[in-house]
1. Looking at the stretch 46-60 only, could you name the residues that are within 24 Å of D101 (Cβ to Cβ) and either of a type in the set (G, A, S) or at pLDDT 95 or above (or both)?
2. Just to be sure I understand, how many residues within the stretch 354-373 are among the small types (G, A, S), out of contact with any Ser or Thr (no Cβ under 9 Å at 6 or more places or on another chain), modelled with pLDDT of 95 or more and in a loop (DSSP other than H, G, I, E, B)?
3. Go through E227, E234 for me and flag whichever is under 24 Å from F262 (Cα atoms), touching a residue at least 12 places away in the same chain (Cβ under 8 Å) and assigned to a helix (DSSP H, G or I).
4. Can you give me the ranges of the helices (runs of 4 or more DSSP H) entirely in the stretch 94-178 with at least 2 residues that are among the acidic types (D, E)?
5. Collect the residues in the stretch 237-259 that are over 16 Å from L212 (Cβ atoms) and in contact (Cβ under 8 Å) with a residue 24 or more places away in the chain, keeping them in residue-number order.
6. Take the residues in the stretch 380-414 that are basic (K, R) and over 22 Å from F321 (Cβ atoms), then tell me which one is surrounded by the most Cβ atoms within 10 Å (Cβ to Cβ).
7. Would a scan of the stretch 222-242 turn up a residue that is acidic (D, E) and closer than 23 Å to Y10 by Cβ?
8. Considering the stretch 222-239 alone, what residues qualify as being surrounded by fewer than 16 Cβ atoms within 10 Å (Cβ to Cβ) and of a type in the set (D, E, K, R)?
Amino acid sequence: MKVAVVGTGYVGLVTGTCFAEMGNDVTCVDIDEAKVKKMEAGVVPIYEPHLEGLFARNIKEGRLKFTTSLSDGIKGAQVIFLALPTPPNGNGAADLSYVLDVSDKLGPLLEDYVVVVDKSTVPVGTAERVAAQIKKGSKVPFDVVSNPEFLREGFAVDDFMRPDRIVVGTDSKQARKVMEELYAPFMRDGSSLIFMDERSAEMTKYTANTFLAMKISFMNEIANMCEQLGADVELVREGIGTDERIGKRFLLAGIGYGGSCFPKDVQALEHTAQELGYDFKIIRAVREVNARQKQTIVNKVLAYYGGDVKGKRFALWGLAFKPDTDDIREAPAIDIIKGLVVAGASIVAYDPEAIANVKKHHGDLPNLTFGDDEYEILEDADALIVATEWDAFRTPDLGKLKKMLKAPIIFDGRNLYKPELLEKAGFYYSSVGRKVVRGEQG
């Protein structure tokens with residue numbers, strides 16, 4: 001099948017590459033000429049495990065192509081995916097300007113029946129708006145389908161190639177047949193292809209992400225109570241996670257969620273509720289709890305030093321919002337850096353993949369420097385702060401840490417280590433929802 005993907009961000013690039021891997025002829029369209037040239041040369045513009053190999057193979061086999069021309073990119077396509085940004089605007093609503101602008105341009109370019117697919121996360125009713133925009137200039141029949149993505153950064157290729165479910169919103173029998181054919185290769189392992197109306201599909205995406213964000217915020221609230229009550233949130237998590245009604249996933253306490261999806265989608269659904277005049281109390285609490293949770297490490301550091309960190313130097317492990325990605329959007333690490341810098345401290349940070357993005361988007365932050373590995377940045381640091389749970393950080397050389405740090409002090413925002421182990425090693429160790437151990441710090 002001939003497929004066009006408009007937008008080569010995180011979702012678009014994974015979508016295009018994976019469809020090409022299944023034998024489709026895919027053309028990705030992007031307005032960034034420099035980016036397109038790099039992709040044509042085999043350079044993957046994002047970090048995502050397993051993507052680079054598929055990307056290179058399908059370019060070599062001629063199944064994956066790139067262009068800056070919308071008309072060239074969609075020519076002959078049977079399916080056109082819109083994988084465009086929908087960032088929050090000033091009031092939290094999803095900005096649909098990119099989606100609607102491309103939709104407006106599509107109409108006059110269509111030469112034969114085509115299925116236009118909203119792959120971006122969009123508010124309920126967007127498929128109708130996209131259809132109206134295309135219809136203004138189109139002289140041929142078309143259908144607009146909602147097909148939300150459920151990709152986890154760090155696992156996106158696996159999620160796309162072996163999905164637990166695919167949601168397709170359409171009332172068109174013709175569009176349904178096209179989408180069934182396109183996704184048939186992905187259904188061999190028994191995945192569910194779920195058809196529904198467009199509005200329900202759009203709502204499904206927001207509901208899924210907001211529910212998961214709610215689980216995270218709920219466990220962070222429980223963790224904060226555990227600290228005051230002397231309970232251990234890790235044991236609580238184990239105790240409830242084995243209940244099949246609750247499940248084990250998204251119960252890890254920490255310093256809040258980030259990334260491109262949860263913060264944006266929670267805001268967008270809350271805005272939709274406000275437009276309806278509906279008081280969605282839970283979703284407001286989810287957002288507020290997350291914002292507060294991102295400050296917990298800063299508060300703990302300030303409390304330890306009696307409110308004065310002027311002149312202190314902190315080593316920070318992790319900048320990405322989660323491991324196995326270079327995405328720093330809404331990353332808790334950025335909030336930690338800003339909070340401590342404002343208080344007068346300096347930060348030296350290391351992340352396996354995200355340093356370049358921090359330099360690009362937050363290069364103007366004062367008193368922030370970077371190191372080439374996790375141990376280098378410990379030299380002369382007053383304490384270590386863990387902000388991202390990269391595997392490389394899970395089994396550190398505690399002897400080396402203790403020798404290099406000015407004092408054996410760790411503030412762990414991801415509960416990577418066992419308190420009793422750190423206590424025995426002589427560390428002051430503060431994590432989330434568990435007791436503080438003081439080792440030889442007293």
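1. Within the stretch 46-60, no residue meets the criteria.
2. So the count comes out to 1.
3. E234
4. Answer list for the stretch 94-178: 97-106, 156-161.
5. I255
6. K402
7. Checked against the condition, which is being acidic (D, E) and closer than 23 Å to Y10 by Cβ, the stretch 222-242 yields no hits at all.
8. Hit for the stretch 222-239 is E238, nothing else.
The values are calculated or read from the model by the stated rules, or taken from the named source; none is laboratory data. Please read all numbers here as calculations on a predicted model, not as lab measurements. Heads up, the Cβs are rebuilt from the backbone with ideal geometry, glycines too, and the neighbour counts pull from every protein chain shown.
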